[in-house]
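Each remark here refers to the structure printed beneath this line.
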Amino acid sequence: VNDLERELNIQGLRAAFLRYTREAFEKLPAMEQAKILDIGCGAGASMFELARLCSAEILGIDIDRNALATLEAGISDAGLSDRLKVVECSLLAVDFSDETFDVLWEEGTLHIIDTERALAECRRLLKPGGYLVVAETIGWFETTQPALSAHGFELVDSVLWAEGCWWTEYYSPLEQRLRGLRDKYRDSKEAAALKRYEDEVAMVKKDPSLTNCGHFIMQKTPGRTSTEAD
Ligand SMILES: C[S@@+](CC[C@H](N)C(=O)[O-])C[C@H]1O[C@@H](n2cnc3c(N)ncnc32)[C@H](O)[C@@H]1O
């Protein structure tokens, strides 16, 4: 997390959606001594929220070293180092054993990773009957549903986010902040990052429906899937 992200209050704005993380988590059955993997944990928004909601051991993985450094400092400050851990690695390069986790949680990461390889890895890492919870756009979920079924993930519940919430609660306030910071960062090394945020705001402003999201709660079904049978 750099100065620009801090001044834009990215993590503060993103926190608005943790209410949906809570709502989705509450739909899972109570689990004793669960092990959760947060895939693409970033600076840890969902990881901290999950830690508030249960006493599980939570492992976060991400490929962004800077975000992980911020997260590790936060974990230490919060006194949670005994059960929150982070590992810098890609989902596609983890060396955890098969069937290690009760829950795989991800918010905004799976759509970035090659679907087939990511889902095969999710299936391998989950215990039988374990849960895969994804927070993604409804469009992504609909497109990916056949692949999810083929990998043996069955939708058991969902939490749909309020329509337009990304615009009203994140992108609109972000647009205001960007206006105020444009001159300050115009000639800095952060100028390109600022432009990327501006482009993202413009894209969502044009079509807010692109960001309609949900948490989709799936269970790993028993038995061999078409993929495992190959
Ligand atoms: C949109 S951010 C979401 C971060 C966090 N989950 C949140 O909700 O605030 C996506 C994250 O996925 C991470 N990422 C991208 N490819 C990845 C991969 N192959 N394995 C693990 N993490 C990855 C990025 O570094 C980034 O932190």
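Annotations
- Across the range 122-170, the fraction of Cα-Cα pairs farther apart than 18 Å, rounded to a whole number, is 39%.
- Note on the chain: percent of Cα-Cα distances in each 10 Å bin, starting at 0 and stopping at the bin with the largest distance, equals 7, 31, 36, 20, 5, 1.
- Helix-only [θ]222 nm of the chain, DSSP H runs n ≥ 4, -39500 (n - 2.57) each, per residue, nearest 500: -12500 deg cm²/dmol
- Per residue, the Cα convex hull of the range 1-107 amounts to 101 Å³.
- Label point 7 Å beyond Cα of Glu7 along Cβ direction - residues of the range 161-189 with amide nitrogen under 20 Å: 171-189
- Taking θ as phi - 60° and the Karplus parameters 6.51, -1.76 and 1.60, the scalar couplings of the range 116-127 work out to 4, 5, 5, 5, 4, 5, 4, 4, 4, 6, 7, 5 Hz in sequence order, x denoting glycine and proline.
- Pairs of Cα atoms nearer than 8 Å and 6+ residues apart set the relative contact order; for the range 1-123 it is 27 percent.
- When all alpha carbon pairs of the range 7-66 are counted in 10 Å bins from zero, the resulting P(r) reads 20, 52, 24, 4 %.
- What the Cβ-Cβ distance of Phe96 and Met31 gives, at R0 = 25 Å and to the nearest 0.05, is a FRET efficiency of 0.90.
- Pairs beyond 27 Å (Cα-Cα), from Lys35/Lys195; Lys85/Lys189; Lys27/Lys127; Lys85/Lys184: Lys35/Lys195; Lys85/Lys189; Lys85/Lys184
- At R0 = 41 Å, FRET efficiency that the Cβ-Cβ distance of Glu163 and Asp114 yields, to 0.05: 0.90
- Label-point gap, in nm, between Asp82 and Lys127 - each point 7 angstrom along Cα→Cβ: 2.1 nm
Each reported figure results from applying straightforward, stated rules to the coordinates on display, with no laboratory input. If you're wondering where the values come from, they're calculated on a predicted model, not measured in any experiment. When we count neighbours, we look across all protein chains shown, and the Cβ atoms used for this are built from the backbone with ideal geometry, even at glycine.
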